[in-house]
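Asks: Before anything else, here's the structure in question.
The values are calculated or read from the model by the stated rules, or taken from the named source; none is laboratory data. Because the structure is a prediction, the values reported are computed rather than measured. Here the Cβ positions follow ideal geometry from the backbone for every residue, glycine too, while neighbour counts run over all protein chains shown.
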Amino acid sequence: MSEIADRVKKIVVEHLGVEEDKVTETASFIDDLGADSLDTVELVMAFEEEFGIEIPDDAAETIQTFGDAVKFITEAS
Amino acid sequence: MFDLAGKRALVTGASGGIGGEIAKALHAAGAEVALSGTREAPLRALADELGARAHVCTANLSDPDSVEALPKAAAEAMGGVDILVNNAGITRDNLFMRMSDDEWQSVLDVNLTASFRLMRGVLRGMMKARWGRIVNITSVVGAVGNPGQGNYAASKAGVVGMSKSLAYEVATRGITVNCVAPGFIATAMTEKLTDDQKTGILTQIPANRMGSPEEIAAAVLYLSSPEAGYVTGAVLHVNGGMAMV
C-alpha cells in the first residue's frame with residue numbers, strides 16, 4: 001500500500017473509530033464504516049490538513065469510499 | 001459555577017452597551033476575549049479596563065471580506081475560538097411601505113449573513129475540539145414583530161431558524177447553538193426615548209422596568225458555560241415577561 005493510502009487509512013481509523021481491516025478499497029464511509037454526513041465533512045477537512053491540499057465541495061461529494069479518497073489525494077498532491 | 005478558564009471567546013459588537021457587558025461577564029468567568037466592533041477606540045478602552053486576556057479585533061460586518069477575516073484574526077490572537085457571541089446588530093427602521101431595498105439588505109447583511117459567516121468560520125476549530133458554544137443575540141421583536149422593524153424582525157427571526165438548524169447538525173460534536181432574545185434593555189439607545197415613550201413601553205412589561213445589559217450578559221454566560229452543555233437550539237427570552245413565548 002502506498003504511503004498516501006497509509007496516512008489516509010490512519011485518519012479514517014482514528015476519526016471513525018473502526019478496525020483497520022474494515023477500511024478496504026471499496027469500503028464506503030457512510031454505508032460500511034458508519035460515518036454520518038458530518039463525519040464525511042470532517043474527514044475531508046482532515047485530509048486537507050494532512051496533505052496540504054484543497055478539496056472543493058463538488059470533488060468532496062465524489063469521495064464516497066476509502067479508495068476514492070486515496071485516488072483523489074494521490075492525484076491532487 | 002460557570003468557570004470559563006482556558007476558554008476563548010469572540011464577542012461582536014463589543015463596543016456597545018450589551019456587547020461590552022457580555023465581554024466583561026465572560027472575562028470575569030475566566031475566559032480570554034476577543035473584542036470586535038467597527039470602532040477601535042471604545043474596544044481598546046474596554047480591553048485596557050479588562051487587562052490581561054483581552055484582545056481587540058476590529059471588523060466591519062457589512063463588508064464580507066472583513067467578516068471572513070474576523071474568525072481568523074480572533075483565532076490568531078487567542079489560539080482558537082471556543083465561544084462565539086454574535087451580538088452585533090444594526091437597525092434601519094422604516095415603515096414597510098417606505099422601506100428601501102437598501103434598508104432591508106443592509107440589516108439582513110449585518111444581522112443575519114454576517115452571523116452565518118462568523119459561525120461557519122469558527123466551526124472547524126470547534127468540531128476538532130469537540131467543544132463549542134455559539135450564542136446569538138436576537139430580539140423579542142423577532143418573535144412578536146414590531147411596526148417599523150420589518151427588516152430587523154426578519155433578520156432576528158432568521159437567526160433563530162439558522163441557529164436551530166446548526167444546533168441539529170453539530171449536537172453530537174459537543175457544540176451548542178442558542179439564542180438570547182432581549183426585550184427592552186436600558187442602553188444609550190433607549191436613553192434617547194422621551195419619558196412618555198418610556199412610560200408607554202413599561203405598560204407592556206409585567207416587570208415594569210427595562211432590563212439591564214448585565215441581565216443579558218448573565219444569560220449569555222450561562223449558555224456559554226460547560227453547565228449548559230445539554231441546552232441547544234433554545235431561545236432564552238430575557239424581557240421581564242413582555243412576551244412569554
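Asks: Spot the failing condition for B:I137; the list is (1) away from chain A (no Cβ under 14 Å); (2) within 30 Å of A:L16 (Cα to Cα), and only one is missed.
Replies: For B:I137, the failing item is (2).
Asks: Hey, another quick one. Across segment B:59-89, what is the number of residues that are in contact (Cβ under 8 Å) with a residue 12 or more places away in the chain and charged (D, E, K, R)?
Replies: Applying the first criterion (in contact (Cβ under 8 Å) with a residue 12 or more places away in the chain) to segment B:59-89 yields B:59-62, B:64, B:67-68, B:70-75, B:77-89.
Applying the additional criterion that residues be charged (D, E, K, R) yields B:68, B:72, B:82.
Total meeting the criteria: 3.
Asks: Follow-up. Please go through segment B:104-158 and pick out each residue that is among the basic types (K, R) and without any contact (Cβ under 8 Å) to a residue 24 or more places away in the chain. Don't jump to the end; show me each part of the working.
Replies: Our first condition is that a residue be among the basic types (K, R); within segment B:104-158, this holds for B:117, B:120, B:124, B:128, B:130, B:133, B:156.
Within segment B:104-158, B:R120, B:R124, B:K128 meet the criteria.
Asks: Any idea how many residues of segment B:140-159 are within 24 Å of B:P71 (Cα to Cα) and outside any helix (DSSP H, G or I)?
Replies: 0
Asks: Which one of A:I30, A:I73, A:I4 is assigned to a loop (DSSP other than H, G, I, E, B) and away from chain B (no Cβ under 14 Å)? Full working, then the answer.
Replies: Values: A:I73 fails: assigned to a loop (DSSP other than H, G, I, E, B); A:I4 fails: assigned to a loop (DSSP other than H, G, I, E, B).
Within the list A:I30, A:I73, A:I4, the selection yields A:I30.
Asks: Give me the residue from segment A:34-50 that is in contact with a Ser or Thr (Cβ under 9 Å, 6 or more places away or on another chain) and assigned to a loop (DSSP other than H, G, I, E, B) and, out of that set, nearest to A:T65 (Cα to Cα).
Replies: Going residue by residue through segment A:34-50, those that are in contact with a Ser or Thr (Cβ under 9 Å, 6 or more places away or on another chain) are A:35-36, A:38.
Going one step further and asking which of them are assigned to a loop (DSSP other than H, G, I, E, B), we end up with A:35-36.
Working: A:A35: 11, A:D36: 13 Å.
Residue satisfying both the conditions and the ranking: A:A35.
Asks: Taking the condition of being within 14 Å of another protein chain (Cβ to nearest Cβ) and either touching a residue at least 24 places away in the same chain (Cβ under 8 Å) or not small (G, A, S) (or both), how many residues in segment B:160-176 meet it?
Replies: Going residue by residue through segment B:160-176, those that are within 14 Å of another protein chain (Cβ to nearest Cβ) are B:165-175.
Add one more test, that the residue is either touching a residue at least 24 places away in the same chain (Cβ under 8 Å) or not small (G, A, S) (or both), and what stays is B:166-175.
Total meeting the criteria: 10.
Asks: Of B:A153, B:A88, B:A188, which residue is more than 14 Å from chain A (Cβ to nearest Cβ) and surrounded by fewer than 18 Cβ atoms within 10 Å (Cβ to Cβ)? Don't jump to the end; show me each part of the working.
Replies: Working: B:A153 fails: surrounded by fewer than 18 Cβ atoms within 10 Å (Cβ to Cβ); B:A88 fails: surrounded by fewer than 18 Cβ atoms within 10 Å (Cβ to Cβ).
Going through B:A153, B:A88, B:A188 in turn, just one is more than 14 Å from chain A (Cβ to nearest Cβ) and surrounded by fewer than 18 Cβ atoms within 10 Å (Cβ to Cβ): B:A188.
Asks: Follow-up. Could you list, in sequence order, the residues of segment A:36-63 that are within 10 Å of chain B (Cβ to nearest Cβ) and either in contact (Cβ under 8 Å) with a residue 12 or more places away in the chain or under 14 Å from A:E75 (Cβ atoms) (or both)?
Replies: Those that are within 10 Å of chain B (Cβ to nearest Cβ) and either in contact (Cβ under 8 Å) with a residue 12 or more places away in the chain or under 14 Å from A:E75 (Cβ atoms) (or both): A:D39, A:V41, A:E42, A:A46.
Asks: With the requirement that a residue be crowded, with 16+ Cβ neighbours inside 10 Å and in contact (Cβ under 8 Å) with a residue 12 or more places away in the chain, what does segment A:65-75 give you?
Replies: Result: A:T65, A:F66, A:G67, A:A69, A:V70, A:F72, A:I73.
Asks: Given the conditions (1) within 23 Å of B:R124 (Cβ to Cβ); (2) part of a helix (DSSP H, G or I); (3) not polar (S, T, N, Q), report the number of the one that A:I63 does not fulfil.
Replies: Condition not satisfied by A:I63: (2).
Asks: For segment B:108-132: of the residues being touching a Ser or Thr at 6+ places or on another chain (Cβ under 8 Å) and within 14 Å of B:L10 (Cβ to Cβ), which is farthest from the other protein chains (Cβ to nearest Cβ)?
Replies: Let us first name the residues in segment B:108-132 that are touching a Ser or Thr at 6+ places or on another chain (Cβ under 8 Å), namely B:108-112, B:114, B:118, B:132.
Those still in the list that are within 14 Å of B:L10 (Cβ to Cβ) too: B:114, B:118, B:132.
Values: B:A114: 22, B:L118: 18, B:G132: 13 Å.
The selected residue is B:A114.
Residue-by-condition table, conditions (1) under 20 Å from B:K24 (Cβ atoms); (2) modelled with pLDDT of 95 or more:
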site: B:A188; (1), (2): yes, no
site: B:E191; (1), (2): yes, no
site: B:Q197; (1), (2): no, no
site: B:P213; (1), (2): yes, yes
site: B:Y222; (1), (2): yes, yes
site: B:P226; (1), (2): yes, yes
site: B:T232; (1), (2): no, yes
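Asks: Does segment A:14-21 contain any residue that is part of a helix (DSSP H, G or I), surrounded by 14 or more Cβ atoms within 10 Å (Cβ to Cβ) and touching a Gly at 6+ places or on another chain (Cβ under 7 Å)? Spell out how you get there, then give the answer.
Replies: Keep residues of segment A:14-21 that are part of a helix (DSSP H, G or I), which gives A:14-16, A:20-21.
After this cut, where a residue has to be surrounded by 14 or more Cβ atoms within 10 Å (Cβ to Cβ) as well, the list is A:15-16.
If we keep only those that are touching a Gly at 6+ places or on another chain (Cβ under 7 Å) as well, we get A:16.
So far as segment A:14-21 goes, yes, one or more of its residues are part of a helix (DSSP H, G or I), surrounded by 14 or more Cβ atoms within 10 Å (Cβ to Cβ) and touching a Gly at 6+ places or on another chain (Cβ under 7 Å).
Asks: Considering only residues of segment B:166-217 that are β-branched (V, I, T) and in a helix (DSSP H, G or I), which is nearest to B:M127 (Cα to Cα)? First the steps, then the outcome.
Replies: Of the residues in segment B:166-217, the ones β-branched (V, I, T) are B:170, B:172, B:175-177, B:180, B:185, B:187, B:190, B:194, B:199, B:201, B:203, B:205, B:216.
Of the ones still in play, those that are also in a helix (DSSP H, G or I) are B:170, B:172, B:190, B:199, B:201, B:216.
On the way: B:V170: 8, B:T172: 10, B:T190: 39, B:T199: 47, B:I201: 43, B:I216: 27 Å.
Top of the filtered list is B:V170.
Asks: If you don't mind, there's one more thing I want to ask. Out of (1) under 18 Å from B:V170 (Cβ atoms); (2) surrounded by 14 or more Cβ atoms within 10 Å (Cβ to Cβ), the odd one out for A:D36 is which?
Replies: Just one mismatch for A:D36, condition (2).
Asks: Another question, then. Please go through segment B:128-142 and give me each residue that is touching a helix residue (DSSP H, G or I) at 6+ places or on another chain (Cβ under 8 Å) and surrounded by 19 or more Cβ atoms within 10 Å (Cβ to Cβ), ordered by number.
Replies: B:G132, B:R133, B:I134, B:V135, B:N136, B:I137, B:T138, B:S139, B:V141, B:G142
Asks: Report yes if some residue within segment B:37-58 is in contact (Cβ under 8 Å) with a residue 60 or more places away in the chain and buried (at least 21 other Cβ atoms within 10 Å of the Cβ); otherwise report no. Show your work before the answer.
Replies: Pass one, segment B:37-58, residues in contact (Cβ under 8 Å) with a residue 60 or more places away in the chain: none.
No, segment B:37-58 has no match at all.
Asks: Of these, B:A228, B:A217, B:A207, which one is at negative phi, without any contact (Cβ under 8 Å) to a residue 60 or more places away in the chain and away from chain A (no Cβ under 14 Å)?
Replies: Working: B:A228 fails: without any contact (Cβ under 8 Å) to a residue 60 or more places away in the chain; B:A217 fails: without any contact (Cβ under 8 Å) to a residue 60 or more places away in the chain.
It is B:A207.
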